[in-house]
1. Using the 2.2 N^0.38 Å rule of thumb for compact globular proteins, work out how the range A:1-121 stacks up: its C-alpha Rg over that value, please.
2. Say each of A:Leu23 and A:Leu78 gets a label point 7 Å from the Cα, pointing the same way as Cα to Cβ; how far apart are those two points in nm?
3. Only helices at least 30 Å long along their own axis, judged from Cα atoms, and with Kyte-Doolittle mean hydropathy of 0.5 or greater: name those in chain B from DSSP H.
4. If we count every other residue with Cβ under 14 angstrom of A:Ala72's Cβ, Lys/Arg +1 and Asp/Glu -1, where does the sum land?
5. Partner chain Cβ atoms within 10 Å, averaged over the residues of A:621-630 - can you pull that number for me?
6. Give me Rg/Rg_expected for the protein assembly as shown, where Rg uses Cα atoms only and Rg_expected = 2.2 N^0.38 Å with N residues.
7. Could you tell me which of rounded, prolate or oblate describes the range A:260-348, using a ≥ b ≥ c as the square roots of the eigenvalues of the alpha-carbon gyration tensor, with rounded for a/c under 1.5 and, failing that, prolate when a/b is larger than b/c and oblate otherwise?
8. How crowded by other chains is B:277-286, given as the mean number of beta carbons from other chains within 10 Å of each beta carbon?
Amino acid sequence: MLHSKIIALVPLLPFAVFLLTGLFGRKYLKNFSGILGTLSLLVAFVISIYTAYEYFFIQGRDANGIFEKIIAFKYTWLQFSPGVSIDMGVVLDPISIMMIVVVTFISLMVHIYSMGYMKGEERYATYYSFLSLFTFSMLGLVLASNIFQIYIFWELVGVSSFLLIGFYYDKPSAVAAAKKAFIVTRFADLGFLIGILILAFYSGTLDFGTLIERFTTHNEYYSAVTAASFMGVSALTWGLVLVFIGGAGKSAMFPFHVWLPDAMEGPTPVSALIHAATMVVAGVYLVARLFPVFSLSCPPALEVVTYVGIFSSLFAALIACTQTDIKRVLAYSTMSQIGFMMFALGVSGYGGEHGLGYMASMFHLFTHAMFKALLFLGAGAVIHFVHSNDMKDMGGLRKSMPITHITFLIACLAIAGIPPFAGFFSKEEILAAAYANNKPVFVVAIITAGITAFYMFRLYFNIFWNKEKIENHSHEEHSHGEGPMTMLIPLSILAICAIGVGFIPFGKFVSSDGKELITEFNPMFSLGPVVLALSGILLALFFYKKANGKSDKVAEALGGIYRATYKKFYIDEIYLFITKKVVFNLVGRPAAWIDKNIVDGVINLSATVADNFSEAIRPIQSGKVQQYAIYFFIGALSFAVLFIYFWKN
Amino acid sequence: MGNDFFILMKPELSLMLIIFILLFLKIWDGIKEVSTLLMIANVLLLANFVAGFFLNKEGVLFSGMYHTTSLIALEKNVLAFGTLLISMMAWDWLKKHEHLLEFYILILSTLLGMNFMISSGNFMMLYLGLELSTIPLAALCNFDLDKLKSSEAALKMIMSSAFASCILLFGISLLYGTTGSLAFSEMPAHLDGGMLQLLAFIFVFVGFAFKLSIVPFHFWTADVYEGSPVAVTSYLSVISKGAIVFVFVTTLLNLFGTLGTIWYHMLVISIVMTITVGNLFAMRQENLKRFLAFSSITQVGYILLGLTNGGSAGSAASIYFLIIYIFSNLAAFGIIGMVSVQTGKENMSDFNGFYKKNPLLGWVLALAMFSLAGIPPTAGFFGKMFLVTAGAVKGNYLLITFAALNMVVSLYYYLRVVKAIFVNPNESPMEAIKGSWSVKIALGICMLGVIATGFYSGIYDYIVSILS
């Protein structure tokens, strides 16, 4: 099973659905495309689960009980030189298997949910074909055995998420958001590409396995890459940091995070899929893929990961406290949680006990996918109900949507880290890893965890409590209860997962070196974070359970700080200032002037010259064969004279 | 030798067989239905192409006069395939033509000549093959019997060819005089680069250069392309040129390998002139067939660039490029042929607003142009990339830069066609063009080729594996 090509079906099934619904969807499969997509993913999910079972319980371990990296198959696509080739392959190891399970599961949930959410949408089939394309790209990305393969799928993921974010293409804000997401990540991807080229140049390979091996043992490749340096930093560090920049772009780490909140313009199920569980963790996955190199050979690059991660997580958590668009709150919370995963990788060592951070990061990725998808889908149900994204238009919804209310509450408890919900376990591991390796990071992390509980419950109370009744009932006819079963079933399944997955002994399956990592539960250590989270919840309760204006007063008292946070620390404005004022005026305008007056001038001149020249030589092509014979003869003669008399060798 | 003869000469024998079948059909005159005749011809060509995949053996016949290898078998298959595509695209044109069987007999005779030429192991054989492939072509150029331009094209073709053949033959005689042999197996040992041999080589080079339309031996090209029927033009620009490239590659590398430095410099001069002049003239053309004539001149310049490599990488790149070139150029000619048969229009301005009523054909033509211009992800990009990297091995970066700059220039005129199709306004855009199913299938195959040849690395790998 593990060595069979059946695994390839996991990405190929969604691809086939993409082709089918993309080509014939609008005409022939209009209403059928949702079911088609869902069925294909169901099959893919079953295969993934079965693969996971085979790998983790039956065949995955080698003689020493260590999980091996299995290449299920590899097809050489482009051979550059004997060592360097771009392959299309499937690699199976604990993290890639975990990822295919997560991706197929969340995508399946989103597919089911969308059947209700997107019902009646005119471009229903197109939506499903984009969704399938995205799932295909994401699965291809996580299964990649070659760093260039990952890059190809990386870009495909970018393109398909561009299509999905801009799905409502008649909405200018959606189009702008799609463009922004694409452009910002493109910038980061440029770094990724350069990083790949640096790493490939020094390692002489594009294959992950070989690359990791060459850079983690002492050999000629390793000494070459550490000896070469640019601006006092070794080539290895440059390469890894550049690759990390690519990851930071996709994972919305500071300062590339600006696209994520805007990307909430897309349909909400899309946000659940792309911006909660799959694409945004691609950066974390990338660092985890190359983790041996980061950890064993290049601690400075890992430090960059740590500080970018911890800063982003605090930064986003602060902003999330002030936003009123519920999807934006979730977007910032995603950014904050991914920051957790990043710095967990950063503080981790390699192998054994030291690898706790790595395991915790992957664990958190796993649990976060469940409860964040649940939060987004729940938010989607709420938006579906009140027809607004703004929490000002919500309140008191707990009675009209009981199932959504309960599931949303579970998810909030999970993300806040209250035992026994899933988020508690993974967050504990992360905090423990930080505590063991980097105390300052630990302090910031634990504060961020408290803030997380506060803003998540601010969100929860504002939606489901606060005002007793929604005042804005202009859509009376739309108050149709909670929404169809297709939306409620995924919510319920995900809620069960958000409770249950924390009990999986994750360290037994995923660890930095493939060995089992048994973690002990330490109640005393957990006490602090839980108390902090509870106080965050209580604070939110105090401010937001009833509409009382307390929060406004605090906001007023905080004045400038509040406004800065509300305005997301003006990062967007800074970018706009830099691009519009600085780049436009200092670079753009002069460049435009040079372009207009000098480049155009030269081009026009050369065009005129070429034009005149070709006009001038036009008579040569006179149509007279006799004349052609003369030219022919002259040509032959010139060659003869030139090479016989002048160009002797 | 009996068995060997039938197996080794299978491609030629099957072509001869088809020619005779068609000849007897003509004489019998029993089948009046034009579509049936066309169907028979196309099926025979398809069978010929399919047969090319089986029972291929390497070997030598007629004491070295004729030889075949798996590379040669591949080349013959490529030509047979191209001819099949052209025949499918010519369906509508031939349907109206009363001499369609003669068309097939003539065109297959030229293909037969090319096969002999590719398989030749001796200059005599090569020359005979070359002539067999040229003289029927002149008759084919005249196949639009009621058009004056067509006759003019034929006349120009035969006169210029005669002139070029003379020089080539002169070169071959001199070679015989200085080396005492015409056999490919013996001649290289006697090549010492003496002045007379140099002159002989230059004459042979020029003879080929004429066929390949290398500047300044290209003058006949535009007039002949413009005057000939579209099917013949596409045959001239793709199949005829392809066959010569195949022979040219092996001749330069295997036969004149000792004169490597000389022909390297000759190639460099030819490349610079060919690409520049081709580009400059292509920019101004209004007639699409003339435009494609000059574009094909430029494309040959890039093939030569690959040949400067002087090794198997160069030949692999040029053969690979030719396959892609067949797909892209035939797609363009296919559409021009459809339009020309139905409306008689062949000018670029006639295509203004073409997209409005013919969206699918518009895209096909645009994709063909993209591939010719070498824009990724079409196959044309990969073809040019391999040619340029093959050429870059010699380290003549000035030449590479020059070629790359010219590629940018060529974008201008290829995109002019695309602009006409999509952007240029037109009060009365061309009506929807209808073609028979056979044209559509051929265009479909071309499009598949334009996209798949680049992505599927198997083809290039196969060529490399044969060569090494």
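All of the numbers you see were taken from the coordinates with simple rules; none came from a lab. Computed from a prediction, not measured in an experiment: that's the story for all the values here. A quick note on method: Cβ atoms are made from the backbone with ideal geometry, for glycine too, and the neighbour counts reach across all protein chains shown.
1. Normalised by 2.2 N^0.38 Å, the Cα Rg of the range A:1-121 equals 1.28.
2. Here the answer is 2.5 nm between the modelled labels.
3. Span-like helices, by this rule, are B:148-179, B:260-284, B:312-343, B:397-422.
4. Within the 14 Å Cβ shell, the charges total -1.
5. 5
6. So the Cα radius of gyration is 1.11 times the expected 2.2 N^0.38 Å.
7. oblate
8. 3
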